[in-house]
Amino acid sequence: EKGTYPHYMLKEIDEQPAVMRNIITAYQGDSGKIELDQDIREAVKNADRLYIIACGTSFHAGLVGKQLLEGIAKVPTEVHIASEFSYNMPLLSEKPLFIFISQSGETADSRSVLVQVKKLGYPTITLTNVQGSTLSREADHTLLLHAGPEIAVASTKAYTAQIAVLTLLAVDVATTKDLHHDFDVIHELSLVAQAMEVLVDQKELMEHLAHNYFETVRNAFYIGRGIDYYVCMEAALKLKEISYIQAEGFAGGELKHGTIALIEEGTPVIAIATQSHVNGSIRSNLKEVAARGANTCIISMESTAEDDDQIILPEVHEYLTPLVAAVPVQLLAYYAALQRDCDVDKPRNLAKSVTVE
Ligand code: F6R
(Lines give C-alpha, C1' and ligand atoms only; values in the text may rest on other atoms or scores of the structure.)
Protein backbone atom coordinates (compact mmCIF):
# COMPACT_ATOMS: atom_id res chain seq x y z
CA GLU A 1 0.00 0.00 0.00
CA LYS A 2 1.28 3.45 -0.79
CA GLY A 3 -0.46 5.08 2.20
CA THR A 4 -0.10 8.84 2.15
CA TYR A 5 2.42 8.80 -0.69
CA PRO A 6 1.33 10.14 -4.10
CA HIS A 7 3.36 7.43 -5.85
CA TYR A 8 4.91 4.07 -5.06
CA MET A 9 8.20 5.28 -6.46
CA LEU A 10 8.52 8.02 -3.85
CA LYS A 11 7.57 5.60 -1.07
CA GLU A 12 10.14 3.08 -2.30
CA ILE A 13 12.87 5.74 -2.47
CA ASP A 14 12.06 6.69 1.14
CA GLU A 15 12.21 3.07 2.28
CA GLN A 16 15.87 2.68 1.38
CA PRO A 17 17.38 3.47 4.82
CA ALA A 18 15.08 0.84 6.35
CA VAL A 19 15.99 -1.67 3.63
CA MET A 20 19.69 -1.24 4.45
CA ARG A 21 18.93 -2.04 8.09
CA ASN A 22 16.72 -5.01 7.17
CA ILE A 23 19.53 -6.47 5.10
CA ILE A 24 21.99 -6.19 7.99
CA THR A 25 19.54 -7.88 10.36
CA ALA A 26 18.62 -10.60 7.87
CA TYR A 27 22.24 -11.63 7.31
CA GLN A 28 23.49 -11.21 10.87
CA GLY A 29 24.28 -14.55 12.53
CA ASP A 30 24.11 -15.40 16.24
CA SER A 31 27.64 -14.07 16.64
CA GLY A 32 26.41 -10.62 15.58
CA LYS A 33 28.61 -10.85 12.49
CA ILE A 34 27.45 -11.26 8.90
CA GLU A 35 27.18 -14.95 8.06
CA LEU A 36 26.34 -16.16 4.60
CA ASP A 37 25.21 -19.66 3.81
CA GLN A 38 28.13 -22.11 3.94
CA ASP A 39 27.25 -23.50 0.49
CA ILE A 40 27.44 -20.05 -1.06
CA ARG A 41 30.83 -19.45 0.56
CA GLU A 42 32.11 -22.75 -0.80
CA ALA A 43 30.74 -22.03 -4.27
CA VAL A 44 32.54 -18.69 -4.43
CA LYS A 45 35.72 -20.14 -2.93
CA ASN A 46 35.81 -22.89 -5.56
CA ALA A 47 35.33 -20.53 -8.50
CA ASP A 48 38.17 -18.94 -10.42
CA ARG A 49 35.91 -16.26 -11.93
CA LEU A 50 32.45 -14.86 -11.29
CA TYR A 51 30.03 -14.10 -14.12
CA ILE A 52 27.27 -11.68 -13.16
CA ILE A 53 24.28 -11.86 -15.50
CA ALA A 54 21.44 -9.32 -15.39
CA CYS A 55 19.33 -6.76 -17.30
CA GLY A 56 18.62 -3.04 -16.90
CA THR A 57 18.96 -1.66 -13.40
CA SER A 58 20.08 -5.03 -12.07
CA PHE A 59 22.91 -5.01 -14.65
CA HIS A 60 23.94 -1.59 -13.33
CA ALA A 61 24.01 -2.96 -9.78
CA GLY A 62 26.16 -5.81 -11.11
CA LEU A 63 28.72 -3.34 -12.47
CA VAL A 64 29.08 -1.84 -8.99
CA GLY A 65 29.25 -5.41 -7.64
CA LYS A 66 32.24 -6.14 -9.86
CA GLN A 67 34.12 -3.24 -8.24
CA LEU A 68 33.28 -4.63 -4.79
CA LEU A 69 34.09 -8.26 -5.57
CA GLU A 70 37.37 -7.42 -7.26
CA GLY A 71 38.33 -4.61 -4.88
CA ILE A 72 37.44 -6.21 -1.55
CA ALA A 73 37.40 -9.95 -2.27
CA LYS A 74 39.97 -10.02 -5.11
CA VAL A 75 37.84 -12.36 -7.24
CA PRO A 76 37.97 -11.67 -10.99
CA THR A 77 34.42 -10.77 -12.03
CA GLU A 78 32.73 -10.13 -15.36
CA VAL A 79 29.33 -8.51 -15.77
CA HIS A 80 27.16 -9.33 -18.77
CA ILE A 81 23.83 -8.17 -20.15
CA ALA A 82 21.74 -11.36 -20.16
CA SER A 83 20.36 -10.99 -23.69
CA GLU A 84 23.87 -10.48 -25.08
CA PHE A 85 25.41 -13.36 -23.15
CA SER A 86 22.64 -15.64 -24.24
CA TYR A 87 23.41 -15.29 -27.94
CA ASN A 88 27.14 -14.45 -27.77
CA MET A 89 28.61 -16.48 -24.96
CA PRO A 90 32.18 -15.34 -24.20
CA LEU A 91 35.04 -17.73 -23.51
CA LEU A 92 34.60 -18.97 -19.97
CA SER A 93 37.24 -19.64 -17.33
CA GLU A 94 37.85 -23.18 -16.06
CA LYS A 95 35.72 -22.86 -12.94
CA PRO A 96 33.08 -20.20 -13.48
CA LEU A 97 30.34 -19.35 -10.98
CA PHE A 98 27.27 -17.59 -12.30
CA ILE A 99 25.48 -14.94 -10.26
CA PHE A 100 22.08 -13.85 -11.57
CA ILE A 101 20.76 -10.52 -10.31
CA SER A 102 17.02 -10.07 -10.76
CA GLN A 103 14.61 -8.09 -8.60
CA SER A 104 11.60 -10.05 -9.86
CA GLY A 105 13.36 -13.36 -10.43
CA GLU A 106 11.22 -13.74 -13.55
CA THR A 107 13.17 -11.97 -16.29
CA ALA A 108 13.18 -14.17 -19.39
CA ASP A 109 16.54 -13.00 -20.75
CA SER A 110 18.27 -13.88 -17.47
CA ARG A 111 16.45 -17.19 -17.22
CA SER A 112 17.55 -18.16 -20.70
CA VAL A 113 21.20 -17.84 -19.60
CA LEU A 114 20.48 -19.77 -16.41
CA VAL A 115 19.04 -22.66 -18.42
CA GLN A 116 22.06 -22.69 -20.76
CA VAL A 117 24.73 -22.63 -18.06
CA LYS A 118 22.93 -25.24 -15.97
CA LYS A 119 23.02 -27.55 -18.99
CA LEU A 120 26.78 -27.00 -19.08
CA GLY A 121 26.90 -28.06 -15.42
CA TYR A 122 28.08 -24.77 -13.89
CA PRO A 123 27.12 -23.63 -10.36
CA THR A 124 24.62 -20.78 -10.03
CA ILE A 125 23.40 -18.25 -7.45
CA THR A 126 20.40 -15.94 -7.80
CA LEU A 127 20.17 -12.58 -6.03
CA THR A 128 16.48 -11.74 -5.98
CA ASN A 129 13.80 -9.92 -4.08
CA VAL A 130 11.24 -12.68 -4.61
CA GLN A 131 11.57 -15.94 -2.75
CA GLY A 132 10.19 -18.82 -4.80
CA SER A 133 10.57 -16.91 -8.08
CA THR A 134 11.63 -18.86 -11.16
CA LEU A 135 15.28 -17.80 -11.06
CA SER A 136 15.44 -18.55 -7.36
CA ARG A 137 13.94 -22.02 -7.76
CA GLU A 138 16.13 -22.94 -10.68
CA ALA A 139 19.50 -21.75 -9.34
CA ASP A 140 21.59 -23.79 -6.87
CA HIS A 141 21.50 -21.03 -4.24
CA THR A 142 19.55 -17.86 -3.49
CA LEU A 143 20.54 -14.62 -1.80
CA LEU A 144 17.46 -12.59 -0.90
CA LEU A 145 17.36 -8.80 -1.16
CA HIS A 146 14.91 -8.22 1.71
CA ALA A 147 13.72 -4.98 0.08
CA GLY A 148 10.00 -5.68 0.43
CA PRO A 149 7.71 -5.61 -2.63
CA GLU A 150 8.75 -3.13 -5.30
CA ILE A 151 5.64 -1.90 -7.13
CA ALA A 152 6.79 1.12 -9.17
CA VAL A 153 8.07 0.09 -12.58
CA ALA A 154 11.26 2.12 -12.09
CA SER A 155 13.48 0.15 -9.77
CA THR A 156 14.91 2.08 -6.80
CA LYS A 157 15.17 0.21 -3.51
CA ALA A 158 15.95 -3.07 -5.28
CA TYR A 159 19.02 -1.43 -6.89
CA THR A 160 20.45 -0.28 -3.56
CA ALA A 161 19.50 -3.60 -1.92
CA GLN A 162 21.35 -5.48 -4.68
CA ILE A 163 24.49 -3.41 -4.09
CA ALA A 164 24.22 -3.88 -0.32
CA VAL A 165 23.90 -7.67 -0.62
CA LEU A 166 26.81 -7.77 -3.09
CA THR A 167 28.82 -5.84 -0.48
CA LEU A 168 28.03 -8.49 2.14
CA LEU A 169 29.06 -11.19 -0.31
CA ALA A 170 32.34 -9.45 -1.16
CA VAL A 171 33.25 -8.89 2.49
CA ASP A 172 32.27 -12.43 3.46
CA VAL A 173 34.44 -13.87 0.69
CA ALA A 174 37.35 -11.65 1.70
CA THR A 175 37.02 -12.86 5.30
CA THR A 176 36.83 -16.55 4.36
CA LYS A 177 39.86 -16.12 2.10
CA ASP A 178 41.74 -14.58 5.05
CA LEU A 179 42.38 -11.44 3.04
CA HIS A 180 43.40 -8.58 5.21
CA HIS A 181 40.74 -5.87 5.14
CA ASP A 182 39.45 -3.27 7.57
CA PHE A 183 35.93 -3.18 6.20
CA ASP A 184 33.47 -3.33 9.11
CA VAL A 185 30.50 -3.99 6.88
CA ILE A 186 27.76 -3.62 9.50
CA HIS A 187 29.15 -0.28 10.58
CA GLU A 188 29.64 0.95 7.01
CA LEU A 189 26.12 -0.03 5.91
CA SER A 190 24.67 1.63 9.03
CA LEU A 191 26.44 4.83 8.01
CA VAL A 192 24.92 4.44 4.54
CA ALA A 193 21.44 4.15 6.09
CA GLN A 194 22.02 7.36 8.05
CA ALA A 195 23.31 9.16 4.96
CA MET A 196 20.28 8.00 2.97
CA GLU A 197 18.03 9.43 5.67
CA VAL A 198 19.65 12.83 5.27
CA LEU A 199 19.19 12.65 1.48
CA VAL A 200 15.55 11.55 1.40
CA ASP A 201 14.84 14.64 3.52
CA GLN A 202 16.22 16.90 0.78
CA LYS A 203 13.18 16.59 -1.46
CA GLU A 204 12.70 20.35 -1.83
CA LEU A 205 16.24 20.77 -3.08
CA MET A 206 15.81 17.90 -5.58
CA GLU A 207 12.50 19.28 -6.79
CA HIS A 208 14.11 22.67 -7.30
CA LEU A 209 17.11 21.18 -9.14
CA ALA A 210 14.85 19.03 -11.35
CA HIS A 211 13.04 22.22 -12.32
CA ASN A 212 16.33 24.02 -13.06
CA TYR A 213 17.89 21.28 -15.11
CA PHE A 214 15.17 19.19 -16.70
CA GLU A 215 11.96 21.13 -17.11
CA THR A 216 12.05 21.75 -20.84
CA VAL A 217 15.09 19.90 -22.18
CA ARG A 218 15.11 17.02 -24.66
CA ASN A 219 18.34 15.42 -23.60
CA ALA A 220 20.70 15.21 -20.64
CA PHE A 221 24.02 13.65 -19.65
CA TYR A 222 25.39 12.17 -16.48
CA ILE A 223 29.17 11.88 -16.34
CA GLY A 224 31.47 10.10 -13.92
CA ARG A 225 34.63 8.02 -13.68
CA GLY A 226 35.11 4.54 -12.24
CA ILE A 227 32.37 3.50 -9.85
CA ASP A 228 30.62 6.87 -10.42
CA TYR A 229 30.33 6.07 -14.14
CA TYR A 230 28.25 3.00 -13.29
CA VAL A 231 25.96 5.12 -11.13
CA CYS A 232 25.67 7.56 -14.06
CA MET A 233 24.36 4.74 -16.25
CA GLU A 234 21.66 4.01 -13.67
CA ALA A 235 20.89 7.73 -13.17
CA ALA A 236 20.36 8.11 -16.92
CA LEU A 237 18.14 5.02 -17.11
CA LYS A 238 15.95 6.34 -14.27
CA LEU A 239 15.60 9.71 -15.98
CA LYS A 240 14.76 8.33 -19.41
CA GLU A 241 12.33 5.66 -18.38
CA ILE A 242 10.04 7.90 -16.34
CA SER A 243 10.54 11.45 -17.71
CA TYR A 244 11.18 10.44 -21.37
CA ILE A 245 14.17 12.80 -21.54
CA GLN A 246 16.85 11.18 -23.67
CA ALA A 247 19.65 10.65 -21.18
CA GLU A 248 23.03 8.95 -21.27
CA GLY A 249 25.58 8.05 -18.65
CA PHE A 250 29.10 8.68 -19.89
CA ALA A 251 32.64 8.03 -18.75
CA GLY A 252 33.99 11.53 -18.12
CA GLY A 253 37.13 11.02 -20.17
CA GLU A 254 35.22 9.63 -23.14
CA LEU A 255 33.03 12.69 -23.75
CA LYS A 256 35.65 14.54 -25.77
CA HIS A 257 35.94 11.56 -28.14
CA GLY A 258 32.69 12.41 -29.86
CA THR A 259 29.75 12.96 -27.59
CA ILE A 260 30.77 16.50 -26.67
CA ALA A 261 29.44 17.46 -30.13
CA LEU A 262 25.93 17.11 -28.66
CA ILE A 263 26.45 19.80 -26.02
CA GLU A 264 24.47 22.94 -26.77
CA GLU A 265 23.46 26.02 -24.81
CA GLY A 266 21.48 24.73 -21.82
CA THR A 267 22.17 20.96 -22.19
CA PRO A 268 22.16 19.54 -18.65
CA VAL A 269 25.36 17.73 -17.69
CA ILE A 270 25.45 16.32 -14.20
CA ALA A 271 28.70 15.01 -12.80
CA ILE A 272 28.83 12.42 -10.03
CA ALA A 273 32.14 12.99 -8.26
CA THR A 274 32.46 10.87 -5.14
CA GLN A 275 35.96 9.46 -5.67
CA SER A 276 38.87 11.59 -4.50
CA HIS A 277 41.37 10.11 -6.97
CA VAL A 278 39.34 11.32 -9.96
CA ASN A 279 37.85 14.45 -8.43
CA GLY A 280 40.13 16.82 -10.33
CA SER A 281 39.69 15.10 -13.70
CA ILE A 282 35.89 14.90 -13.55
CA ARG A 283 35.68 18.56 -12.53
CA SER A 284 37.81 19.50 -15.52
CA ASN A 285 35.50 17.44 -17.80
CA LEU A 286 32.62 19.46 -16.42
CA LYS A 287 34.43 22.73 -17.13
CA GLU A 288 34.98 21.63 -20.74
CA VAL A 289 31.23 21.22 -21.28
CA ALA A 290 30.36 24.36 -19.31
CA ALA A 291 32.59 26.31 -21.71
CA ARG A 292 30.35 25.01 -24.53
CA GLY A 293 27.16 26.18 -22.86
CA ALA A 294 26.15 23.14 -20.79
CA ASN A 295 24.00 23.70 -17.71
CA THR A 296 26.25 21.87 -15.26
CA CYS A 297 25.55 20.32 -11.88
CA ILE A 298 27.82 18.43 -9.52
CA ILE A 299 27.09 15.74 -6.96
CA SER A 300 30.07 15.39 -4.62
CA MET A 301 30.93 14.03 -1.17
CA GLU A 302 31.62 16.13 1.90
CA SER A 303 35.30 15.25 1.47
CA THR A 304 35.48 16.21 -2.23
CA ALA A 305 33.01 19.13 -2.21
CA GLU A 306 33.68 22.66 -3.33
CA ASP A 307 31.64 25.65 -2.22
CA ASP A 308 29.07 25.89 -4.98
CA ASP A 309 28.42 22.16 -5.58
CA GLN A 310 24.68 21.59 -5.95
CA ILE A 311 24.36 18.25 -4.10
CA ILE A 312 26.71 17.17 -1.31
CA LEU A 313 26.48 13.59 -0.07
CA PRO A 314 27.26 12.66 3.54
CA GLU A 315 30.55 10.77 3.82
CA VAL A 316 30.46 6.97 3.48
CA HIS A 317 33.11 4.34 2.60
CA GLU A 318 34.53 4.96 -0.89
CA TYR A 319 33.20 1.61 -2.14
CA LEU A 320 29.67 2.41 -0.97
CA THR A 321 29.15 5.83 -2.53
CA PRO A 322 26.79 4.36 -5.20
CA LEU A 323 24.31 3.59 -2.42
CA VAL A 324 24.07 7.24 -1.41
CA ALA A 325 24.51 8.83 -4.86
CA ALA A 326 21.55 6.73 -6.04
CA VAL A 327 19.10 8.59 -3.81
CA PRO A 328 19.37 12.11 -5.28
CA VAL A 329 19.41 10.82 -8.87
CA GLN A 330 16.26 8.81 -8.19
CA LEU A 331 14.60 11.90 -6.72
CA LEU A 332 15.74 14.08 -9.63
CA ALA A 333 14.16 11.61 -12.07
CA TYR A 334 11.00 11.46 -9.98
CA TYR A 335 10.51 15.24 -9.89
CA ALA A 336 11.48 15.65 -13.55
CA ALA A 337 8.76 13.14 -14.48
CA LEU A 338 6.19 14.86 -12.24
CA GLN A 339 6.97 18.30 -13.64
CA ARG A 340 6.55 16.93 -17.16
CA ASP A 341 3.20 15.31 -16.28
CA CYS A 342 4.41 11.77 -16.83
CA ASP A 343 2.89 8.70 -15.23
CA VAL A 344 5.64 8.10 -12.67
CA ASP A 345 4.69 4.62 -11.47
CA LYS A 346 3.63 3.24 -14.86
CA PRO A 347 5.73 4.74 -17.64
CA ARG A 348 4.63 4.10 -21.20
CA ASN A 349 5.72 0.93 -23.01
CA LEU A 350 7.15 -0.69 -19.88
CA ALA A 351 6.14 -3.62 -17.67
CA LYS A 352 7.43 -4.40 -14.18
CA SER A 353 8.85 -7.73 -15.15
CA VAL A 354 9.87 -8.61 -18.67
CA THR A 355 8.92 -12.23 -19.23
CA VAL A 356 9.61 -12.39 -22.96
CA GLU A 357 13.06 -12.56 -24.58
C1 F6R B 1 14.52 -0.14 -14.57
C2 F6R B 1 14.01 -1.50 -14.41
C3 F6R B 1 14.46 -2.56 -15.38
C4 F6R B 1 14.77 -3.85 -14.63
C5 F6R B 1 15.10 -4.98 -15.60
C6 F6R B 1 15.49 -6.25 -14.89
O7 F6R B 1 14.06 0.69 -13.57
O8 F6R B 1 13.27 -1.76 -13.52
O9 F6R B 1 15.57 -2.14 -16.12
O10 F6R B 1 15.85 -3.62 -13.77
O11 F6R B 1 13.98 -5.22 -16.43
O12 F6R B 1 14.48 -6.70 -14.04
P13 F6R B 1 14.76 -7.77 -12.92
O14 F6R B 1 15.71 -7.17 -11.95
O15 F6R B 1 13.43 -8.05 -12.30
O16 F6R B 1 15.35 -8.97 -13.61
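Brief remarks on what is shown
- When the residues of the stretch 91-104 are filtered to those that are within 24 Å of the chain's Cα centre (by Cα) and more than 7 Å from the ligand (Cβ to nearest atom), the one that is farthest from Arg137 (Cα to Cα) is Pro96.
- The residues of the stretch 122-181 that are within 19 Å of the chain's Cα centre (by Cα) and on the phi > 0 side of the Ramachandran plot, listed by number, are His146, Gly148.
- Remark: pairs (first residue in the stretch 43-72, under 28 Å from Glu357 (Cα atoms) and part of a helix (DSSP H, G or I); second residue more than 16 Å from the ligand (Cβ to nearest atom) and at pLDDT below 95; Cβ separation under 8 Å; 6+ apart in sequence or on different chains) are absent.
- Candidate set from the stretch 140-162 (those that are more than 12 Å from Gln16 (Cα to Cα) and more than 13 Å from the ligand (Cβ to nearest atom)); member that is most open to solvent (accessible area, probe 1.4 Å): Asp140
- Residue in the stretch 254-262 that is at negative phi and within 16 Å of the ligand (Cβ to nearest atom) present: no
- Test for Asn219: is it within 15 Å of the ligand (Cβ to nearest atom), touching a helix residue (DSSP H, G or I) at 6+ places or on another chain (Cβ under 9 Å) and under 28 Å from Ala337 (Cβ atoms): no
- Screening the stretch 240-252 for residues that are away from the ligand (no atom under 11 Å from the Cβ) and of a type in the set (A, V, I, L, M, F, W, C) and picking the one that is most open to solvent (accessible area, probe 1.4 Å) gives Phe250.
- Selection count, the stretch 100-110, where residues are of a type outside the set (Gly, Ala, Ser) and either in contact with a Leu (Cβ under 6 Å, 6 or more places away or on another chain) or surrounded by fewer than 20 Cβ atoms within 10 Å (Cβ to Cβ) (or both): 3
- Residue identified as surrounded by fewer than 19 Cβ atoms within 10 Å (Cβ to Cβ), under 17 Å from Leu239 (Cβ atoms) and free of Cβ contacts under 8 Å to residues at least 60 places away in the same chain among Gly266, Gly280: Gly266
- Output for the stretch 126-138, where each listed residue is more than 11 Å from the ligand (Cβ to nearest atom) and crowded, with 24+ Cβ neighbours inside 10 Å: none
- Criterion (within 12 Å of the ligand (Cβ to nearest atom), in a helix (DSSP H, G or I) and open to solvent by less than 70 Å² (accessible area, probe 1.4 Å)) met by exactly one of Ala333, Ala351, Ala325: Ala333
- Yes/no for Ala18 being at pLDDT 95 or above, open to solvent by less than 70 Å² (accessible area, probe 1.4 Å) and within 30 Å of Ser112 (Cβ to Cβ): no
The values are calculated or read from the model by the stated rules, or taken from the named source; none is laboratory data. Just so we're clear, the structure is a prediction, and the values are computed from it rather than from any experiment. Cβ atoms come from the backbone with ideal geometry, glycine included; neighbour counts cover every protein chain shown. To get the accessible areas, we keep the full protein, side chains included, count just its heavy atoms, and leave off ligands, DNA and RNA. Shrake-Rupley method; radii C 1.70, N 1.55, O 1.52, S 1.80 Å.
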